[in-house]
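Only the coordinates and a few stated rules stand behind these numbers; no lab work does. All of these numbers come straight from a predicted model, not from anything done at the bench. Heads up, the Cβs are rebuilt from the backbone with ideal geometry, glycines too, and the neighbour counts pull from every protein chain shown.
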Amino acid sequence: METMNDRHYMQIALELAARGKGYTSPNPMVGAVVVNDGQIVGKGWHEKVGGPHAEVNAIDNAGDRSAGSTIYVTLEPCNHQGRTPPCTEKILSAGIKHVVMAMKDPNPNVSGGGAEFLTQNGISVESGILEADARRLNESFIKYTSTKRPFVLLKCAATLDGRIATRTGDSKWVTGESSRRYVHKLRHEMDAIMVGVNTVKADNPSLTTRLGDKKGTDPIRIVLDTKLSIPENSKILQIPSGSDTLIITGNSEPSQKRITIEKSGVKVIDAALKNDRIDLDALMNQLGKMGITSLLVEGGAQVAASALQAKIVDKINFFYAPKILGGNDGIPMCSGTGPALMADSIPVKNMTVRQFGNDIMIEGYLS
C-alpha cells in the first residue's frame, strides 16, 4: 500500500532523474534512491547516454548499506543487456529486498520483464507511485518508444493580440529575457529544433543552446526548405557545433548549391511533398528512423500552422508578452486557412500557466 514515505522518496528520485534532461536521449531519464531503516543511504540518476543507469549509481553510492534495503526507482529496472548490464542483476546481487517503481517500462519489447525477474527471485515489487509525474518527465521517451516518431513541442511567442512580429517583420524581442532563457533550456532538453526557411531568411538564427555559465547541448537543427532557397551565407550553415544541421527539401534535383551546402558538412535530405510543401506527417517517420525522439518547433507562422494542421503536435508552449500591437497587419501566430466552425478548433487539454518575468506561458497537450 502506498504511503507518504513512498511518495516522499519517489519525489526525490524524480528530482534526481530530471538532472539528466538533455543528456540521456534516446534513453529515458531515471532516478533512484536506496532507503534502509528509514534513512536514505544512496542516490543516483542516469547521467548520460552510455553511462551507468540510475540503479547502479544509487547502489554504488549506498555500498554495503544496500543489503536488506528498499530501492525507489522512477522506471522499471531493465532486465536486458544494452550498452550496460541489466539493472535487475545489480539489484539482486546488492541484497535489496524491496523495489518500488513509479512506472513500468513503456517499451513493448521489454515491459514487465524487469519486474517479473525480480519477483521470481524473491524481491517484492510495487508499482505506480507518482506514476503520472514519471510519465510526464519521460513523455518524449514514451511517445518515441511506442510509435517510433518524435514527441513534438510547438513553441510560439506573441503579443496579447496574437502577433509574433510587426508588419515589417520585426520580432526582437516579443518576450522578455526570462522567457528566452527558458526557451534555451527547452532547446537543451530536446533532440532537435525545426524552423522554416523564411525564418532563416528573416532572422538568420543560430538555433544553438545558450545557457549562460552552464554548458548545454545543441539540438539538431532542421530547416524546412522545399526549394532549397536558403542563403548560402546563413549562420545555420556555418556555425561550429557538436550537432548536425539538416535541410529538408522537396527538390531532389542535383545542383551546385546542394553540392556546396553538403560540402560544408550540412545534410540535405529529400522528403515527400504534400500540396507543394514538406509533408510533415511523413517527415516525422523519417526523423524517427534517424533516432530523433523529441522535436521543438519554433516557427514561424506557416510552419506552426502546418504542424497543427498535420496533427503532429503533442504539446504547446505559448508565451504571451504584455504588449498589444493594436492592428491587423502584424504577423499572426499561424498563417493560412483555419476551420470554418469554432467546433472544429483544436482542443487543448491539461493546461497550466507559468510566469516568466512579465510574460506568461500557457502549456497544454493536444489530443
Treating only the Cβ atoms of Lys and Arg (+1) and Asp and Glu (-1) as charged, compute the dipole magnitude of the stretch 23-124 about its Cα centre; round to the nearest 20 debye. 100 debye
Test of understanding: what is the full-extension gain from residue 177 to residue 358, defined as 0.36 nm times their sequence separation minus their Cα-Cα distance? 64.2 nm
In terms of modelled amide H atoms, which long-range or inter-chain residues lie less than 5 Å from the amide H of residue 299? 196
In degrees rounded to 10, the 0-90 angle between helix 280-289 Cα long axis and the longest Cα principal axis of the chain is 40 degrees
Starting at 0 and stepping by 5 Å, how many percent of the alpha carbon pairs of the stretch 223-367 end up in each bin? 2, 7, 14, 17, 18, 16, 12, 8, 4, 1
Considering amide H positions built from the backbone, and no H for Pro or chain starts, which residues 5 or more places from residue 161, or on another chain, come under 5 Å of its amide H? 325
So if each residue of separation counts as 0.36 nm, and I subtract the Cα-Cα distance between residue 8 and residue 64, what length gain in nm does that give? 17.8 nm
Helical contribution to [θ] at 222 nm, DSSP H n ≥ 4, -39,500 (n - 2.57), averaged over the chain, rounded to 500: -8000 deg cm²/dmol
Please give the peptides 121-132, 29-40 ranked by average Cβ packing (other Cβ atoms within 10 Å per residue), highest first, as a rough proxy for protection. 29-40, 121-132
Over every pair of different alpha-carbon atoms in the chain, take the mean of 1/r and invert it; report that Kirkwood radius in Å. 22.3 Å
Give the shape of the stretch 1-128 as rounded, prolate or oblate, defined through the alpha-carbon gyration tensor: a ≥ b ≥ c are the square roots of its eigenvalues, a/c under 1.5 means rounded, and otherwise the shape is prolate if a/b is larger than b/c and oblate if not. rounded
Karplus-derived 3J(HN,Hα) from phi for the stretch 44-53 (6.51 cos²θ - 1.76 cosθ + 1.60, θ = phi - 60°), whole Hz, x at Gly and Pro, runs x, 8, 6, 8, 7, 4, x, x, x, 6
Cα gyration tensor category, rounded, prolate or oblate, for the stretch 112-155 with a/c compared to 1.5: oblate
Could you give me the ³J(HN,Hα) list for the stretch 336-352, computed from phi with Karplus coefficients 6.51, -1.76, 1.60 and θ = phi - 60°, whole Hz, x at Gly and Pro? x, 9, x, x, 7, 10, 4, 5, 9, 5, 7, x, 10, 10, 6, 6, 10
Which of rounded, prolate or oblate describes the stretch 166-207 when judged by the alpha-carbon gyration tensor and an a/c cut-off of 1.5? oblate
Apply the Karplus parameterisation 6.51 cos²θ - 1.76 cosθ + 1.60, with θ equal to phi minus 60°, to every residue of the stretch 222-230 and state each ³J(HN,Hα) to the nearest whole Hz, in sequence, with x for glycine and proline. 10, 10, 7, 9, 3, 10, 6, 9, 4
Taking the DSSP beta bridges in the chain as the whole, what percent of them are antiparallel, to the nearest 5? 45 percent
Determine, from the Cβ-Cβ distance of residue 161 and residue 238 and an R0 of 45 Å, the FRET efficiency 1/(1 + (r/R0)^6), rounded to the nearest 0.05. 0.80
At R0 = 30 Å, FRET efficiency that the Cβ-Cβ distance of residue 367 and residue 18 yields, to 0.05: 0.70
Give me the distance between the Cα centres of the stretch 128-205 and the stretch 316-363, rounded to whole Å. 13 Å
Quarter of the Cα convex hull surface for the stretch 291-367, i.e. its orientation-mean projected area (nm²): 6.7 nm²
Around residue 317, which amide H atoms from residues at least 5 apart in sequence, or from another chain, sit under 5 Å from its own amide H, with H modelled in the peptide plane? 154, 155, 156
The stretch 15-37 to the stretch 279-309: how many Å between their Cα centroids? 28 Å
